[in-house]
């Protein structure tokens, strides 16, 4: 059942998945993890640009950081924390959860948390799976998150039709999930559903459709009584990034469409809608 529309001052969640251009799931078949250190890394500079954009707009966000990035750019994590943003885990190696065993997932999760804590002294309590890969066949991961002290997850996308993620029957509201290891708060990524079509709010959809569509999607979600969640990656504001070759037309389109206009659109979006970090939004609306 939909709730009453949100008050205008209730903020939406602003989230960043901190990974480099060559670490996306679409390139798994072309870029081996053993070669990551040999490639031109642009994640630090691009994340710093996002920090500057957010500072100019006077907004704060949740940064879901790869452990691999935390190990190599600890000063970047310290700058994120010093700027007042929340830091969560995006795993260590950007491996899809449903491609891992429970033991492998736990090891990856703990390695990411250790890397983040070593870099900036923050104990991550929020998690987002790479490519939203907690789906029906990997719901076992929620219990492992609770077991290791995570409080908030943002991995279960309540949509259908995507080849890599989505749980069509999932609850769209911020809600508590009971697991054998304890309670976990789930903040589902947002999508605007019209008939059979769902438009996720962020990522490639933000780059593909006009800004007016994203704004309409956010307003529609808020009319249903839910704060919207927007997500972006640092590489999405970097039209000069090195191109990965032989990745197929679908992956090429998904990764590069609209990338030259992302930063301009983002700056405009931050003026037109109120945003804040994940935990702030949960605390503001979850008990309502």
Hey, what number do you get for the chain at 222 nm if only DSSP H runs of n ≥ 4 count, each worth -39500 (n - 2.57), divided across all residues, to the nearest 500?
-10500 deg cm²/dmol
From the Cα centre of the range 12-27 to that of the range 183-260, the distance in Å is 11
Could I have the simple spin-label model distance between residue 99 and residue 58, label points 7 Å from Cα toward Cβ, reported in nm to one decimal?
4.4
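Where a ≥ b ≥ c are the square roots of the eigenvalues of the C-alpha gyration tensor, would you call the range 179-241 rounded, which needs a/c under 1.5, or, failing that, prolate if a/b is larger than b/c, or oblate?
In terms of gyration-tensor shape, oblate.
Could you work out how much longer the chain between residue 249 and residue 39 gets when fully extended? Use 0.36 nm per residue separation minus the Cα distance between them, nm to one decimal.
Numbers: separation 210, 0.36 × 210 = 75.60 nm, distance 2.25 nm.
This chain segment gains 73.4 nm when fully extended.
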Under 1.5 on a/c is rounded, so check that first for the range 1-107, then, if it is not, pick prolate when a/b is larger than b/c and oblate when it is not; a ≥ b ≥ c are the square roots of the alpha carbon gyration tensor eigenvalues.
oblate
Relative contact order of the chain, please, whole-number percent, based on alpha carbon pairs below 8 angstrom and at least 6 residues apart.
26
Taking a label point 7 Å from the Cα of residue 107 along the Cα→Cβ vector, which residues of the range 34-59 have an amide N closer than 16 Å to it?
34
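With both partners inside the chain, how many of the DSSP beta bridges are antiparallel, as a percent to the nearest 5? All intermediate terms of the calculation are to be shown ahead of the outcome.
Numbers: 9 of 29 bridges.
Approximately 30 percent, going by the DSSP bridge assignments.
Only the coordinates and a few stated rules stand behind these numbers; no lab work does. This one's a predicted model, so the numbers in the text were calculated from it and none came from an experiment. Cβ sites come from the backbone with ideal geometry, for glycine too, and all protein chains shown count toward neighbours.
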